[in-house]
Every structure is written in structure tokens, then in C-alpha cells.
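Read through the structure below, which is laid out as C-alpha cells, and then see the notes.
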Amino acid sequence: MGGKENSENIYFNKDTYNTDPDTHRLFLDRLAFNTRVVFLSKFIGQVFRSSSMAKKDLYDTAAWAKSSYDILKLIESCGGRFSLSGLDNIKNCKAPVIFVSNHMSILETMIFPCIIAPRKDTTFVVKDNLINYPVFGAIMQSRNPIVVSRLNSRDDLVTVMTKGKELLSNGMSIIIFPQSTRNVQFKPEEFNSLAVKLASKASVPVIPIAIKTDFWTNGKYLKDFGAIHRNRTIHMAFGEPMPVNGNGKEEHKKIVDFIADHLAEWDKE
């Protein structure tokens, strides 16, 4: 898309989105006691279809966003409820941007594309093991991600700064999860400043994202195959674009506060 919107594939045209309480639930899911089986079986089917397209070099940005939206609708059909806000901040930011988010589960990785990609060409900073995952690895590789090892922080910084600046200069936005791993508990001391460092070097704004996605928990033995909890609303809030000045210390604090404040508010529900 070259950084331009494709209006035919924009799934969210308003600043907020909330799942319709009358959303139809899958008949099989209504009969099943173990909703994880129903949900994951359909999710895995979607991943296999996307992987097959990626291996055939057919998995472009539109296909990526569409498969992401299909997963969102699957989650809703299995009882999930989304509450999205600040979506106009994506639409109104015309320049490439760095999205910086806390990281709870696989859910945000799957859902961000249908929210962001129709308006902005985008990719992720990912750990190297993700691009080698069976099936899912082909999908991630097709997105031209920035790949880090998490073994050598200096090398990873050079990789992100070099490729990140190149991608941003070519109109590609980047999604960064500064936490070293998924965690339902937000710990500011584990939220590194990589995003603001790159934003400062590339002279692009950052958009903070606060998410609460413990609807889909991490599995005990297989991390991506945890249980789902219908009583937990899925929250995603997108902040206003923020220019980064100097070392970005002040902006980093604003991002951390944005996430912490939203989580504190959502925890009251």
C-alpha cells in the first residue's frame, strides 16, 4: 500500500469500537463445555490458511489484515467482547509511526493488523524464534519484521536502529513490545526505552497503546494455547501521536503512565 490507506479494507471507521452485545455465538461453542477446544481449533485453521498463502507469496498486507479481522470475529463469536478506543489517532497521523504497547498474550499480535495495517503499512519487532515457528513462521517472515535475538542487547539495539530507520524512511510503521516477554502484570522497570530511542533517531512520532488481553491467557505447557475467559473484556486504547525529543526520557515516562493509568482503570471493572 506504500503507506496509503486502502478504504475498501478499513474495518474500523470510528474512533471507538465495542462488540455488539447481540453478536451471534457459534452453535458448537454454545454446546461445548470446553470453549478452548472450539476456539483454538478454528484459530489454528485460520493460521494454516494464512501460512499456506504466505508460502505461495500471496499473503500481502490486505490478506494479513483480513485474516486478523477474521480472528477478531472468531473471538467475538466465541463470547469475546472488544472495547477499542483512540482509533482516530491512527487515521490522523499521516507520517510513519512507532506503535509501542505492553504485551499480555498472543491476542494483540493477532488483532493489531486489522486495526493498523489498513491505514499504515506496518511490521513488528520480533524475537528470532517466532520466524522459525512451525506454520506461523511463514506468516511472520512475509511481513519483513525486524528480528532480534534477546541474547545480546547491544546487537539487538544496532539491528533495530539500522533496519528500523530504513523501514521508517520508506514509509513503514513499526510495532514494538518493549517487555522481554508476555506478562499479565505490567512492570514499568521491565519496559525498555527501545521505541523512543528509535523514534528519536528516525524523527518519527510514537503512538502508545495500552492493552488488556487476558481474555486469552498464556498456556501452562504451550504458551499460545491457553484458556479463554469470557468474563474479561478485551481492551485496547491508542494514544495521541507523540514527538520524541532528545533522549526520549520524558516521552518514555508518558508512555509508561499511559499504559499504567489505563490498566488501573480497567482493573476496576
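The values are calculated or read from the model by the stated rules, or taken from the named source; none is laboratory data. Computed from a predicted structure; not experimentally measured. Reconstructed Cβ throughout: ideal geometry from the backbone, glycine too, with neighbour counts over all protein chains shown. These area figures cover heavy atoms from the full protein model, side chains too; ligands, DNA and RNA do not enter into them. Shrake-Rupley method; radii C 1.70, N 1.55, O 1.52, S 1.80 Å.
Quick rundown of the values:
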item: Within segment 83-102, tally of residues that are under 25 Å from M161 (Cα atoms) and modelled with pLDDT under 95; result: 3
item: Contacts under 9 angstrom Cβ, first residue in segment 48-74 being closer than 15 Å to P145 by Cβ, partner open to solvent by 50 Å² or more (accessible area, probe 1.4 Å) and among the basic types (K, R), 6 or more apart; result: none
item: Single residue of segment 228-244 satisfying the filter (part of a strand (DSSP E or B), farther than 15 Å from D261 by Cα and touching a residue at least 60 places away in the same chain (Cβ under 8 Å)) that is farthest from the chain's Cα centre (by Cα); result: I228
item: Exclusive hit being within 28 Å of R119 (Cα to Cα), of a type in the set (D, E, K, R) and touching a strand residue (DSSP E or B) at 6+ places or on another chain (Cβ under 7 Å), set K197, K163, K201; result: K163
item: Residue list for segment 245-262, filter: farther than 19 Å from I116 by Cα and open to solvent by less than 20 Å² (accessible area, probe 1.4 Å); result: G248, E251, V256
item: Hits in segment 124-170 (condition: touching a residue at least 40 places away in the same chain (Cβ under 8 Å), over 19 Å from E108 (Cβ atoms) and of a type in the set (A, V, I, L, M, F, W, C)); result: V135, A138, L157, M161, L167, L168
item: Number of positions in segment 155-213 that are in a helix (DSSP H, G or I) and either open to solvent by less than 40 Å² (accessible area, probe 1.4 Å) or not basic (K, R) (or both); result: 23
item: Of residues in segment 84-117 being open to solvent by less than 30 Å² (accessible area, probe 1.4 Å), part of a loop (DSSP other than H, G, I, E, B) and among the hydrophobic types (A, V, I, L, M, F, W, C), the one nearest to S169 (Cα to Cα); result: V97
item: Residue within segment 172-179 that is over 14 Å from the mean Cα position of the chain (by Cα) and farther than 26 Å from L263 by Cβ present; result: yes
item: Condition met for I139 (over 18 Å from T213 (Cβ atoms), surrounded by 16 or more Cβ atoms within 10 Å (Cβ to Cβ) and touching a Gly at 6+ places or on another chain (Cβ under 8 Å)); result: no
item: Top-ranked residue of segment 118-136 - restricted to ones that are in a helix (DSSP H, G or I) and out of contact with any Gly (no Cβ under 8 Å at 6 or more places or on another chain), ranked as least open to solvent (accessible area, probe 1.4 Å); result: F136
